[in-house]
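Worksheet: the structure to be examined is printed underneath.
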Amino acid sequence: MPHTTEALLEGGPDHLAGRRTVPQDDHGTDLKIRHLNRYEHYAFAGTRQDTDGTTVPVFRWTHHTFLAE
């Protein structure tokens with residue numbers, strides 16, 4: 001079953017950046033977010049940041065891959 005987490009996204013498409021609820025793999029180190037006709041990939045930056053009184057992990061954009069047809 002997919003898991004979700006609160007995360008702070010850095011890099012990648014501008015409208016995905018910031019704090020949001022995102023799907024997370026079982027290892028908790030990578031995010032793969034479906035966006036338009038591709039997946040945006042983020043990796044855990046190794047840090048956490050306080051946003052709105054809650055500490056959330058920071059994930060940095062690494063690359064994107066296109067959806068298979």
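For the reader, a short list of remarks on this structure follows.
- In units of the compact-protein estimate 2.2 N^0.38 Å, the chain shows a Cα radius of gyration of 1.07.
- Surface exposure of the chain, expressed per residue as accessible area with a 1.4 Å probe, stands at 68 Å².
- Rounded to the nearest 5, the antiparallel percentage of DSSP beta bridges internal to the chain is 90%.
- Here the chain is treated with +1 on each Lys and Arg Cβ and -1 on each Asp and Glu Cβ, and its dipole about the Cα centre works out to around 60 debye.
- Extension gain for the segment Asp25 to Asp50, taken as residue separation times 0.36 nm less the Cα-Cα distance, is 6.8 nm to one decimal.
- Length released on extending from His64 to Tyr39, taking residue separation times 0.36 nm less the Cα-Cα span: 8.5 nm
- Here the accessible area of the chain is 50 percent carbon and sulfur, with a 1.4 angstrom probe and all protein chains present.
The values are calculated or read from the model by the stated rules, or taken from the named source; none is laboratory data. Bear in mind that the values here come from a model prediction, so they are computed numbers and not experimental data. Here Cβ is always computed from backbone atoms with ideal geometry, including for glycine, and neighbour counts include all displayed protein chains. Ligands, DNA and RNA are excluded from the accessible area calculation, which covers all protein heavy atoms including side chains. Shrake-Rupley method; radii C 1.70, N 1.55, O 1.52, S 1.80 Å.
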